[in-house]
Amino acid sequence: MTRSICATTKTILIISFILGWSSILPAQDVYFSQFFLNPVYLNPAYAGTMKVPRAGVQYRNQWPGMNKAYTTYFASFDTYLPKITSGIGILLFNDVQGDGIYTETSFKVAYSKEIRINRTWTMYGSITAGAQLNSLNFNQLLFADGLDPIFGQHQPTAETVPDNNNRLFPDFGAGILIFNDKYFFGIAGDHLHEPDQSIYSDYSQILPRKYTLHFEVNMPWYRPGHRRKFCTLNPNFIAQAQGDEQNITYGLYANRKGISLGIWNRLTTTNSSDVILMAGFIRKQLKTAITYDVNVKGIGLRSHGSVEISISYLLKDPGKKSIFPFYEIPGEWDIR
C-alpha cells in the first residue's frame, strides 16, 4: 500500500504514467510484505545462501476495492555453485495495473559471490542484470474529450496516440549481505542507471534508483530454567528510498513447531501507515505464508487492504539446519 501513486481511477493513473510527469508522480516499485519469502527480490545477495536450489512464487493483490488497481506476480529460482563458491538466481516479475491497462514485466539474472570474513561472519556481494518491458493498452483509456455529456459514449480523442505501446529497457542492480548465525545486515540498489521508461519519445520518465537497507536478528527464546527452546523470535527492520518516497517497515515474526506468525508496521513519507499481519507454516524444505495489509492512515479501508500469498520450496534437502530463519523449525526438541 505504499506506492506514492495513489490512483482513485485507473484512467488518472495511466494518463499520468504515459505523459511522463515524473516530477509530480514518480513511479515506484512494488513493496512486498513477505520480504522474508522472496529475499532475492529484497536483496540479490541472498542468491545461493541456502546452499541448495530454491524456488518461490508470490502473488499480491493490492487495493482490490479499487477496480483491480495492482495485481502482482513474482517467481524466482536460485542455487549455490560450490566449485566457485557463488550463487546464481533468476527473477521473473509481472505487475498488472489498472485492470490490465498498464503492465510491467521484468526478467533479471543475479550473481552473488561468497566471501568468508572469519569463522563466524560471511559476506555475499551480488550484481543483477536484466530487462523490463512496460506495455500500455491505449484502447482501454477514457479521456474527457471523448465522452458525450448526455449519452456517455466514448468518441475519438485528440490525445496523442503513442507510436509504440511497449517500451523495453535494460536494468541493473547490486547488493551486499553480511551475516552470522544471529545477525543479518544488507544493503541493495536497483535501477542503478535510472532508465527512461516512457513510451513516448517526446517525454521522459525516469525510473528512480531504489535503495534498500535491512537488518534482522535471529533470537531463540528458551523456557525459564530450561534448556529447551520454546520458539524463535525474528525482529526485523527495512528502510527503502526511491525518488521522493521513503518508507520504513519494522516488526517481527515468531516460529514455533512449524507455525509462523508475524506483525509489522510500515510508515511512508506520504503519511500512510499500514499494519501487516502474517500467518504461515514451515517444513524442512517448504514455507508458505499469507499476509493481509490493513491501511490505518492514508487510503484507508475503502481499498479493502492487500492480500499476499507466497510459497517457497527447497528442491533438495539441505542436510543440516539452516542458520537462516526462513526454514528453521523451532520447537522444544531444539536444545541449547
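The values are calculated or read from the model by the stated rules, or taken from the named source; none is laboratory data. No experiment lies behind these values; they were computed from the predicted model shown. Cβ: placed from backbone, ideal geometry, glycine included. Neighbour counts: every protein chain shown.
For Phe230, the conditions (1) among the hydrophobic types (A, V, I, L, M, F, W, C); (2) touching a residue at least 24 places away in the same chain (Cβ under 8 Å); (3) within 18 Å of Asn38 (Cα to Cα) are fulfilled apart from (3). For segment 59-82, taking the residues that are modelled with pLDDT of 95 or more and of a type in the set (A, V, I, L, M, F, W, C), the one that is nearest to Gln34 (Cα to Cα) is identified as Phe74. Of the numbered criteria (1) free of Cβ contacts under 8 Å to residues at least 40 places away in the same chain; (2) in contact with a strand residue (DSSP E or B) (Cβ under 8 Å, 6 or more places away or on another chain), the one Tyr70 fails is (1).
Only one of the numbered conditions (1) at pLDDT 90 or above; (2) more than 27 Å from Lys182 (Cα to Cα) is violated by Val275, and that is (2). Residue count for segment 198-221 under the criterion of being farther than 22 Å from Leu177 by Cβ, at pLDDT 90 or above and not in a strand (DSSP E or B): the result is 2. Only residues that are without any contact (Cβ under 8 Å) to a residue 12 or more places away in the chain and not in a strand (DSSP E or B) were counted across segment 85-135, and they come to 2. Restricting attention to segment 276-289 and to residues that are in contact with a Gly (Cβ under 8 Å, 6 or more places away or on another chain) and farther than 21 Å from Pro235 by Cβ, the residue that is surrounded by the fewest Cβ atoms within 10 Å (Cβ to Cβ) turns out to be Arg283.
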